[in-house]
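Novice: Please find one structure pasted underneath; my questions will follow.
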Amino acid sequence: MALMRINELLRQAPKEQQVEVNGWVKTFRSNRFIALNDGSTLHNIQCVVDFENFDEGLLKQIATGAALRIKGLLVASQGRGQTVEIQVTDLMVHGTADAETYPIQPKKHSMEFLREQAHLRVRTNTFAAVMRVRSTLSFAIHHYFQNNGFYYMHAPIITGSDAEGAGEMFRVSTLDPKDPPLTEDGKVNYKEDFFGKETNLTVSGQLEAEAYAMGLGKVYTFGPTFRAENSNTSRHLAEFWMIEPEMAFFDLNDNMDLAEDFIKSVLSYVVSHCQDDLQFLEKRLLDEEKTKPQAERSEMSLLDKLRFVIDNKFIRLTYTEAIDILKKSKPNKKKKFKYPIEEWGTDLQSEHERYLVEKHFKCPVILFDYPAKIKAFYMRLNEDGTTVRAMDILFPGIGEIVGGSQREERLDVLQDKIKALGIDEKELWWYLDLRKYGTAIHSGFGLGFERLVQFATGMGNIRDVIPFPRTPQNAEF
Ligand code: 4AD
Ligand code: MG
């Protein structure tokens, strides 16, 4: 007799063969029908118990949330909703669950409530589906890069550099915060800290990935990154996973081509490998949409949206062209934007990005050639001396999903930039070395993994696509 996962069991032809399965009770109806799930699939296996053959005390322990081991015969199901079911011959309770206190009862729970039960929420259909899609998407990402000549590179998590220069870092220190060693002028003396210098959790593996791209040619990172930005939005986490490919000899166009092909490829992988879960999430989203006013409802279903992105070319335009469109747009003229677009050079807010993607183009958009002064120091300066070879990919419902650029490969230009920004050249000595020895044009980008999972699953809040979200004032679990 084979012990099987439920996804496998559901594919068997029923021949009254002996089967054995483990799982958690979703529901127990009429003292007779157990819907059992083990996480391998959205679908439950129905297990039918003849209560006359079982001890009453044992049956009392079968409640929603209990963990069971069941043996029985696989038979064709008489009931609707399933093709096979198990006629239970043997039943063992691994652990019961008290109906009075078990939080995940078979009814609709709010996302907010489930966030407070993050250790149990994966037992709901929605979270199990999202997490299976998340897992498949991770695999698809490795699959894509490994099949396209990239090497997986592990960038350090503790670092001394601030790649993005935004100063939004979590300090890593073993000094006693109550009594740190001080320098003569009264500042904390980090020379006495664990690493002998100030260190932080990384905000991006890019700088280190550049070093590796300049030896291995094409690399990618896929790891956790940390940002201490106080953004309480549905698209920001303090700890999120980022995918950062970096390619020697790629210019910005090659970079955009790769990013577009990559996103389409991994999304089409999940569409073909997660049909059940995506259909479930699509239905969930439709139900949620019904509660919204007509004007706010999405015109496309989840799978339509995914197919639309996979099948259509992303629109590419410069920052300057985007500003022109935004300036002339209705919401700008009617003062509907919180941040009105007045002049060239202002940073785009998510309301602007979403206008371009959702209202104007109705399609994913790649914006490139941004003003130098709103972008990071490492981006390649254009001939005009004011814009850099940056690109952002904007997605419907998400806003920015990718940020990338062609990197400044010219030593003198990079040194001037670093000086102008007041960054200490000594801190970046090794990064500058990459421009001294065998420099070449190169490019890369960063994709926020959770934002991609949000897009693939239709989940509205980024906190619901990562197992244990880290956000301001919240690091329970
Ligand atoms: O645009 P960002 O800041 O770019 C970089 O970090 C570059 N070093 C990447 C590179 O060129 N190698 O971040 C990249 C992406 C964003 O487009 C967004 O999708 C995601 O990371 N991201 C976040 N996701 C969740 N929570 C946050 N707080 C995020 N900040 C950025
Ligand atoms: Mg960005």
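FYI, it's all coordinate maths here, none of it is from the lab. Source: prediction; values computed, not measured. So basically every Cβ, Gly included, is an ideal-geometry build from the backbone, and we count neighbours across all protein chains shown.
Novice: Report the extension gain between N189 and N312 in nm, rounded to one decimal, defined as 0.36 nm multiplied by the number of residues separating them, less their alpha carbon distance.
Specialist: Full extension of this stretch gives 38.8 nm more.
Novice: Another question, if that's okay. Expected output is a single nm value to one decimal: the length gained when fully extending between S234 and V413, i.e. 0.36 nm times separation in residues minus the C-alpha distance. What is it?
Specialist: Computed gain between S234 and V413 is 60.7 nm.
Novice: In nm, to one decimal, how far is the F51 label point from the M92 one, both placed 7 Å along Cα→Cβ?
Specialist: In this crude label model, F51 to M92 measures out at 2.5 nm.
Novice: Going by alpha carbons, how many degrees (0 to 90, nearest 10) lie between the helix axis of 275-290 and the longest principal axis of the chain?
Specialist: The two axes meet at around 80 degrees.
Novice: Could you state the angle between the C-alpha long axis of helix 319-328 and the longest principal axis of the C-alpha atoms of the chain, as a value from 0 to 90 degrees rounded to the nearest 10?
Specialist: Tilt of helix 319-328: around 80 degrees.
Novice: Within region 190-234, what residues put their amide N at less than 18 Å from the label point 7 Å along the Cα-to-Cβ vector of L182?
Specialist: Within reach of a label on L182, which here means backbone N under 18 Å from a point 7 Å along Cα→Cβ, region 190-234 contributes 190-193.
Novice: Using r as the Cβ-Cβ distance of E342 and A13, and R0 as 41 Å, what FRET efficiency do you calculate, to the nearest 0.05?
Specialist: Numbers: r = 69 Å, r/R0 = 1.68.
Approximately 0.05, to the nearest 0.05.
Novice: A further question on this structure: Take the alpha-carbon centre of region 395-436, take the same for region 79-135, and report the distance between them in whole Å.
Specialist: 48 Å
Novice: May I ask you to list the trypsin sites (Lys or Arg not before Pro) in region 157-202 that are in a DSSP loop and have at most 14 other Cβ atoms within 10 Å of their Cβ?
Specialist: Passing both the DSSP loop test and the Cβ count: K178, K187, K197.
Novice: Expected output is a single nm value to one decimal: the length gained when fully extending between A2 and D324, i.e. 0.36 nm times separation in residues minus the C-alpha distance. What is it?
Specialist: Gain on stretching A2 to D324: 109.4 nm.
Novice: Taking a point 7 angstrom from the Cα of I158 along the C-beta vector, which residues in region 220-247 have backbone N less than 20 Å away?
Specialist: Counting backbone N atoms under 20 Å from the label point, the list is 223-228, 239-240.
Novice: Taking a 23 Å limit on the Cα-Cα distance, which of the listed pairs K338/K359; K26/K283; K328/K417; K292/K362 fall beyond it? Intermediate results must be reported in sequence, preceding the final value.
Specialist: Working: K338/K359 17 Å; K26/K283 20 Å; K328/K417 33 Å; K292/K362 20 Å.
Result: K328/K417 exceed 23 Å.
Novice: Then there is this: Given an 8 Å cut-off on Cα distances and at least 6 residues of separation, report the relative contact order of the chain as a percent.
Specialist: Rounded, it is 13 percent for the chain.
Novice: Further question: Between exposed GluC sites (Glu not before Pro) in the chain, where DSSP calls loop and at most 11 other Cβ atoms lie within 10 Å, what's the longest gap?
Specialist: That would be 185-298.
Novice: Where in region 1-58 are there chymotrypsin sites (Phe, Trp or Tyr not before Pro) that are in a DSSP coil and have at most 11 other Cβ atoms within 10 angstrom of their Cβ?
Specialist: Filter output for region 1-58: empty list.
Novice: If you don't mind, there's one more thing I want to ask. Setting aside same-chain residues fewer than 8 positions from K197, which lysines have a Cα under 23 Å from its Cα?
Specialist: K178, K187, K419, K426
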